[in-house]
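Here's the structure, in structure tokens; my notes come after.
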Amino acid sequence: MLLQQSEIAAQVRTIILDLVAAVPTVTPEPPPITAPALPPLEQRLHTLVQAMKTLAELTGGRLNPYMEQQVKDYAANLLAEHNRKMLTPSKERWLGVVNFAENELGKKVPLSGSHYRGHLGTWVRAFYPQLGDRQEDRLVNGTQQSVYVYACHDPSVAAGLTKAIEEFFAHPNPVAVLKQAGAFSKKAVVTV
């Protein structure tokens with residue numbers, strides 16, 4: 001009887017070892033990494049102002065102008081991000097004609113030549129004035145310039161821009177047509 005018990009014990013042990021070996025090893029997944037919650041905007045700006053006061057005291061009021069501008073930019077970005085979150089998104093899209101041609105139509109508008117960027121804008125203003133006359137100051141090739149922008153969220157304006165851009169690029173010499181139309185004079189008189 002003792003032999004039977006030891007045989008049974010051996011069989012049970014073998015079964016248990018087989019069962020343990022058959023169980024897959026499970027490695028726990030690490031918890032997702034989340035960014036720590038930032039303090040409210042007002043507290044961050046207050047901390048920034050206090051840090052700037054302390055830094056000014058330590059340096060005798062002589063701050064590096066680059067660092068000073070960086071801090072101003074940081075504060076402006078904090079406020080802008082806060083304000084952006086508070087606003088409801090707008091469906092309006094105002095684009096310059098070059099932005100529309102490149103981003104919406106996939107055209108490559110060259111920086112020079114007969115089909116150059118400035119001529120495209122002049123073409124649209126000269127032959128399609130009904131598309132709008134709104135201007136904004138924008139950064140163009142490193143300088144702030146007044147640029148005509150168009151309500152690309154309006155389907156009729158988008159269709160008009162598309163037609164104007166296609167005509168411009170299809171024409172072999174748009175500059176000659178613009179000169180003939182008087183588009184380069186101070187007061188261009190163009191008939192459509």
Review point. So, of the residues in region 109-132 that are open to solvent by 50 Å² or more (accessible area, probe 1.4 Å) and modelled with pLDDT of 90 or more, which turns out to be farthest from V157 (Cα to Cα)?
Key: R125
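Being assigned to a helix (DSSP H, G or I) and open to solvent by 100 Å² or more (accessible area, probe 1.4 Å) is the filter; apply it to region 44-66 and report the residue that is nearest to K85 (Cα to Cα). If you could, list the steps in order and put the result at the bottom.
Initial filter on region 44-66 (assigned to a helix (DSSP H, G or I)): 44-59, 65-66.
From what's left, open to solvent by 100 Å² or more (accessible area, probe 1.4 Å): 46, 53, 57-58, 66.
On the way: H46: 20, K53: 29, E57: 35, L58: 36, Y66: 28 Å.
Among those residues, the one meeting the criterion is H46.
Could you run through region 149-159 and say how many residues are of a type outside the set (V, I, T) and buried (at least 18 other Cβ atoms within 10 Å of the Cβ)? Break it down stepwise before answering.
Narrowing region 149-159 to residues of a type outside the set (V, I, T): 150-156, 158-159.
Subsequent filtering for residues that are buried (at least 18 other Cβ atoms within 10 Å of the Cβ) retains 150, 152, 158.
Counting residues in region 149-159 that are of a type outside the set (V, I, T) and buried (at least 18 other Cβ atoms within 10 Å of the Cβ) gives 3.
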Study note, to complete from the structure: Restricted to region 83-108 and to residues being touching a residue at least 24 places away in the same chain (Cβ under 8 Å) and under 17 Å from the mean Cα position of the chain (by Cα), the residue surrounded by the most Cβ atoms within 10 Å (Cβ to Cβ) is F100
**Study point:** Residue within region 86-107 that is of a type in the set (D, E, K, R) and farther than 30 Å from E167 by Cα present
**Key:** no
Exercise for review: Inspect region 138-161 for any residue being out of contact with any strand residue (DSSP E or B) (no Cβ under 9 Å at 6 or more places or on another chain), at pLDDT below 95 and on the phi > 0 side of the Ramachandran plot and give the result as yes or no.
Suggested key: yes
Revision key, fill the gap. If we take region 78-192, then helices (runs of 4 or more DSSP H) inside it with 2 or more residues that are of a type in the set (D, E, K, R) and over 30 Å from R44 (Cα atoms) are 117-127, 155-170
Practice item. Please go through region 8-39 and pick out each residue that is open to solvent by 100 Å² or more (accessible area, probe 1.4 Å), within 30 Å of H82 (Cβ to Cβ) and of a type outside the set (A, V, I, L, M, F, W, C). Key: P31, P32, T34, P36
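The values are calculated or read from the model by the stated rules, or taken from the named source; none is laboratory data. Here the structure is a predicted model, which is why all the values come from computation and not from measurement. Methodologically, a virtual Cβ is constructed for each residue, glycine included, from the backbone with ideal geometry; neighbour enumeration extends over all protein chains shown. We work out accessible area using only protein heavy atoms, side chains counted, and drop any ligands, DNA or RNA first. Shrake-Rupley method; radii C 1.70, N 1.55, O 1.52, S 1.80 Å.
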